[in-house]
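The values are calculated or read from the model by the stated rules, or taken from the named source; none is laboratory data. From a predicted model like this one, the values you see are computed outputs, not experimental measurements. A quick note on method: Cβ atoms are made from the backbone with ideal geometry, for glycine too, and the neighbour counts reach across all protein chains shown. Just the protein is used for accessible areas: all its heavy atoms, side chains included, with ligands, DNA and RNA removed. Shrake-Rupley method; radii C 1.70, N 1.55, O 1.52, S 1.80 Å.
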Amino acid sequence: MNYRRLILALTFISTLLTSFKPIKKTLSYDDYPVYAGSDLGVTYSHLKTIFKIWAPTASAVKLRLYEAGDGGKATQILKLDKGVKGTWQTVINHDLKNKYYTFQVCDSGRWLQERPDIYAKAVGVNGKRGMVVDLVSTNPKNWVNDRKPAQKNFTDIIIYELHVRDLSISPQSGIKNKGKFLGLTETGTKSPDDESTGLDHIKALGVTHVHLLPSFDFNSIDETKPDEKYNWGYDPLNYNVPEGSYATNPYGGNVRIKEFKQMVQTLHANGLRVILDVVYNHTADTKSNFNQFVPGYFYRHTAKGAYSNATGCGNETASERAMMRKYMIESVVYWAKEYHLDGFRFDLMGVHDIETMNQISAVLHKIDPTIFIYGEGWTAGSSPLDENLRAVKKNAAKLNQIAVFNDDLRDGIKGGWSDVKSKGFVSGAAGTAESVKFGIVGSVKHPQIDYSKVNYSKEAWAAEPYQTINYVSCHDDNTLWDRLKISNPTASEANLIKMDKLSNAIVLTSQGVAFLHAGAEMLRTKQGMANSFNSPDSINQLDWSRKSRYKQVFDYYKALIALRKNHPAFRMPSAQMIQSRLKFFDATDPNTIGYQISGNANGDSWKNILVIFNGNGIDKQINIPTGNWTLAADGNNIDENGIKKLSGTQLTIPATSAYILYEK
């Protein structure tokens with residue numbers, strides 16, 4: 001017998017046995033334990049603080065306490081005890097107010113990164129450590145007496161979409177707290193041309209809601225150097241904490257909370273409700289806080305196990321999974337209650353499942369029936385979750401009190417999003433009128449719409465008009481003014497202004513909810529830059545010199561908004577009312593739209609209203625219904641008392657303009 005071979009064989013077998021590690025049983029994410037309690041995160045009182053996380057696959061969890069939000073060594077390291085349903089907990093029985101902390105989870109034999117818990121409500125600079133916060137102490141004076149402005153119907157809403165930094169950062173803004181939450185609390189601010197800016201400007205414009213681009217703690221800005229880099233904020237880090245670069249002091253965890261509340265309080269006091277843009281559909285990266293506590297669970301994956309990417313950002317969250325659904329619900333409830341918010345705009349809402357969105361709606365509307373919820377009814381890529389289960393635009397009727405952006409109207413007005421040189425209705429493009437008419441009726445079913453000619457939707461998708469967000473521009477893509485210049489390179493400035501005014505005249509007289517991009521009222525430009533998410537202030541800032549330069553455009557927008565607010569016929573609350581009161585009449589020309597709203601619709605003081613849009617570059621003569629008409633808007637001026645009286649059944653509509661007539 002060859003003993004040498006035997007010894008080698010035995011040695012090899014021994015090596016295999018000693019190196020063998022049991023294979024950990026891999027559970028389906030659906031089999032992970034679900035914790036139903038409402039006490040995850042940090043629960044503070046002067047007597048004790050409870051630290052509790054959900055980490056069902058962890059073998060150990062450490063808690064570290066620090067004196068500061070960055071730097072220095074931990075003053076204490078504690079082990080958490082394993083609890084029920086995948087939870088871990090420890091209690092410290094003395095006052096930890098304003099102390100900082102991190103958790104660290106051991107999973108599959110390795111220690112993951114130190115991070116705040118996913119429920120963190122306060123953090124230090126750049127969000128790397130959580131802070132134990134006494135939330136009552138962050139309330140500004142008279143916070144308990146904060147009152148929301150009145151709101152009757154969702155269709156009364158006029159939204160103004162704004163980036164916090166863009167409003168005030170310009171040297172011409174006259175605002176002291178540039179780029180900060182507090183910039184939105186300043187009144188009496190003026191441009192060098194003595195025009196009102198900031199809050200006074202928004203208030204004078206007459207909108208009802210300020211939609212803030214992501215203002216929770218995001219990843220891309222170094223809060224110690226907030227002026228060195230710009231970002232829109234669609235890269236979430238800590239979902240339940242305000243962004244530190246918008247605070248006057250990013251180091252003290254209390255400051256950003258108090259200043260956010262001061263902003264909300266001031267906006268409310270000035271008649272403006274506040275909407276927060278939320279981004280639960282993806283995280284900044286896959287090294288997120290989610291993955292440092294429960295690796296993989298909070299995300300969707302492809303059949304091969306890779307991160308799926310319906311967001312175009314490298315990952316997508318799994319809203320249909322029990323603990324992700326729970327997280328989203330508890331997060332929006334926290335913002336609604338703690339910060340008195342009035343609405344939420346869901347980024348790429350089409351990534352989320354319908355059931356989660358409806359549960360969010362039910363919980364929020366139980367808190368406050370006037371909270372407004374809306375989102376993008378699309379994705380940026382394919383998702384492993386069946387589209388029939390997702391909150392995409394075609395499923396809007398399955399959503400309960402949730403609205404969706406109307407890209408049919410948007411692109412019908414100015415041209416398709418995929419080709420910036422394409423023209424729309426206001427540029428005289430043929431075949432766009434039906435898409436505009438679809439938006440005029442609030443995306444609801446209407447017997448006079450030929451759905452085969454609507455650009456994207458071949459059937460009505462809104463059950464009621466409040467489910468459609470009518471708009472022609474937002475932070476994404478080119479500003480309206482830039483897009484019109486790109487697609488009409490030979491047009492004069494005067495004609496481009498006509499196209500611009502006609503665009504938002506359509507938006508502000510259509511049924512549904514009206515939405516404006518901040519600065520559109522003064523022909524905002526980003527110098528041709530479309531996706532300006534990380535472009536500098538020189539591209540993104542509101543240029544307040546344009547207000548005086550284009551004052552007549554601002555006045556026109558302001559008058560349009562007042563007209564909409566003064567006349568409920570333009571904001572009917574039900575599909576049935578629209579179907580019975582709004583009728584299109586034959587304008588004969590394919591790029592002219594005319595309709596009548598009749599019978600003192602929605603309690604309007606005007607008995608009958610005619611609205612006519614001429615998208616042609618030349619004047620058009622049209623036949624109008626018989627009546628004793630008074631002209632209220634002619635494309636240049638709006639006067640609800642009447643510009644002039646009109647007789648006869650023929651009317652010449654100037655090129656690229658909107659006419660509004662009424663009879664009492």
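Which residue, of Asp81, Asp156, Asp117, is modelled with pLDDT of 95 or more, within 23 Å of Thr57 (Cβ to Cβ) and buried (at least 17 other Cβ atoms within 10 Å of the Cβ)? Steps first, answer last, please.
Details: Asp81 fails: buried (at least 17 other Cβ atoms within 10 Å of the Cβ); Asp156 fails: within 23 Å of Thr57 (Cβ to Cβ).
Just a single option satisfies the conditions, and that option is Asp117.
Would you point out the residue of region 581-628, among those that are over 22 Å from Arg571 (Cβ atoms) and part of a strand (DSSP E or B), that is most open to solvent (accessible area, probe 1.4 Å)?
Filtering region 581-628 for residues that are over 22 Å from Arg571 (Cβ atoms) and part of a strand (DSSP E or B), the one most open to solvent (accessible area, probe 1.4 Å) comes out as Gln621.
Within region 76-87, which residues are assigned to a loop (DSSP other than H, G, I, E, B) and either of a type in the set (A, V, I, L, M, F, W, C) or without any contact (Cβ under 8 Å) to a residue 12 or more places away in the chain (or both)?
Selection gives Leu80, Val84.
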Of (1) surrounded by fewer than 24 Cβ atoms within 10 Å (Cβ to Cβ); (2) within 22 Å of Gln579 (Cβ to Cβ); (3) not hydroxyl-bearing (Ser, Thr, Tyr), Ala429 satisfies every one except (2)
Flagged pairs (Cβ under 9 angstrom, 6 or more apart or on separate chains; first in region 576-592, within 21 Å of Val426 (Cβ to Cβ); second open to solvent by 30 Å² or more (accessible area, probe 1.4 Å) and of a type in the set (A, V, I, L, M, F, W, C)) are Pro590/Ala430; Asn591/Ala430
Pairing a residue in region 334-359 that is in contact (Cβ under 8 Å) with a residue 60 or more places away in the chain and over 15 Å from Lys148 (Cβ atoms) with any residue that is among the polar types (S, T, N, Q) and in a strand (DSSP E or B), where Cβ atoms lie under 6 Å and the two sit 6 or more apart in sequence or on different chains, gives Tyr334/Asn240
Exercise for review: Go through the residues of region 472-487 one by one and say whether even a single one is outside any loop (DSSP other than H, G, I, E, B), of a type in the set (D, E, K, R), on the phi < 0 side of the Ramachandran plot and open to solvent by less than 50 Å² (accessible area, probe 1.4 Å).
Suggested key: yes
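Let's see how each residue does on (1) closer than 16 Å to Ser215 by Cα; (2) touching an Asp or Glu at 6+ places or on another chain (Cβ under 6 Å); (3) not aromatic (Phe, Trp, Tyr); (4) not in a loop (DSSP other than H, G, I, E, B):
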{"residue": "Ala150", "(1), (2), (3), (4)": "no, no, yes, no"}
{"residue": "Thr155", "(1), (2), (3), (4)": "no, no, yes, yes"}
{"residue": "Ile159", "(1), (2), (3), (4)": "no, no, yes, yes"}
{"residue": "Leu167", "(1), (2), (3), (4)": "yes, no, yes, yes"}
{"residue": "Pro171", "(1), (2), (3), (4)": "no, no, yes, no"}
{"residue": "Ile175", "(1), (2), (3), (4)": "no, yes, yes, no"}
{"residue": "Gly179", "(1), (2), (3), (4)": "yes, no, yes, no"}
{"residue": "Leu184", "(1), (2), (3), (4)": "yes, no, yes, yes"}
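Is it fair to say Leu409 is of a type outside the set (Lys, Arg), in contact (Cβ under 8 Å) with a residue 40 or more places away in the chain and not in a helix (DSSP H, G or I)? Full working, then the answer.
On the way: of a type outside the set (Lys, Arg): yes; in contact (Cβ under 8 Å) with a residue 40 or more places away in the chain: yes; not in a helix (DSSP H, G or I): no.
In short, no.
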Within region 84-95, residues open to solvent by 40 Å² or more (accessible area, probe 1.4 Å) and under 37 Å from the mean Cα position of the chain (by Cα) come out as Val84, Lys85, Gln89
inquiry  = Tell me whether region 362-381 contains one or more residues that are modelled with pLDDT of 95 or more, farther than 25 Å from Pro149 by Cα, touching a Lys or Arg at 6+ places or on another chain (Cβ under 7 Å) and of a type in the set (Phe, Trp, Tyr).
reply    = yes
When Asn315 is run through (1) more than 23 Å from Cys106 (Cβ to Cβ); (2) without any contact (Cβ under 8 Å) to a residue 40 or more places away in the chain; (3) open to solvent by 40 Å² or more (accessible area, probe 1.4 Å); (4) of a type outside the set (Asp, Glu), the failure sits at (3)
Cβ pairs under 7 Å, 6+ apart or interchain, first in region 279-300 and among the β-branched types (Val, Ile, Thr), second in a loop (DSSP other than H, G, I, E, B) and open to solvent by less than 10 Å² (accessible area, probe 1.4 Å), ordered by first then second residue, are Val279/Pro214; Thr283/Asn315; Thr286/Asn315; Val294/Ala55
The helices (runs of 4 or more DSSP H) lying wholly within region 524-571 that contain at least 3 residues that are open to solvent by 20 Å² or more (accessible area, probe 1.4 Å) and among the charged types (D, E, K, R) are 551-566
Filtering region 346-362 down to residues that are small (Gly, Ala, Ser) and open to solvent by less than 20 Å² (accessible area, probe 1.4 Å) yields Gly350, Ser361
Residues of region 407-426 being surrounded by 24 or more Cβ atoms within 10 Å (Cβ to Cβ), farther than 25 Å from Lys583 by Cβ and among the charged types (D, E, K, R), in sequence order, are Lys414
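State the number of residues belonging to region 363-387 that are in a loop (DSSP other than H, G, I, E, B), β-branched (Val, Ile, Thr) and open to solvent by 20 Å² or more (accessible area, probe 1.4 Å).
First, the residues of region 363-387 that are in a loop (DSSP other than H, G, I, E, B): 368-371, 376-386.
From what is left, the residues that are β-branched (Val, Ile, Thr) are 370-371, 379.
Then keep just the ones that are open to solvent by 20 Å² or more (accessible area, probe 1.4 Å); that gives 370, 379.
Residues in region 363-387 being in a loop (DSSP other than H, G, I, E, B), β-branched (Val, Ile, Thr) and open to solvent by 20 Å² or more (accessible area, probe 1.4 Å): 2 in total.
Are any residues in region 181-228 more than 20 Å from Ser548 (Cβ to Cβ), in contact (Cβ under 8 Å) with a residue 40 or more places away in the chain and charged (D, E, K, R), and if so, which ones? Walk me through how you get there before you give the answer.
Residues of region 181-228 more than 20 Å from Ser548 (Cβ to Cβ): 181-185, 207-228.
Still in the list and also in contact (Cβ under 8 Å) with a residue 40 or more places away in the chain: 181-182, 184-185, 207-220, 222-224, 226-227.
If the condition is that a residue be more than 20 Å from Ser548 (Cβ to Cβ), in contact (Cβ under 8 Å) with a residue 40 or more places away in the chain and charged (D, E, K, R), then Asp217, Asp222, Glu223, Asp227 are the ones that fit.
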Taking region 22-78 and the residues there that are aliphatic (A, V, I, L, M) and modelled with pLDDT under 95, the one that is most open to solvent (accessible area, probe 1.4 Å) would be Ile23
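Each row is one residue, and each column tells you yes or no for (1) assigned to a loop (DSSP other than H, G, I, E, B); (2) closer than 27 Å to Glu223 by Cβ.
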| residue | (1), (2) |
| --- | --- |
| Pro56 | yes, no |
| Ala68 | yes, yes |
| Gln89 | no, no |
| Tyr101 | no, yes |
Screening Glu493, Glu464 for residues that are acidic (Asp, Glu), free of Cβ contacts under 8 Å to residues at least 60 places away in the same chain and open to solvent by 10 Å² or more (accessible area, probe 1.4 Å) leaves only Glu493
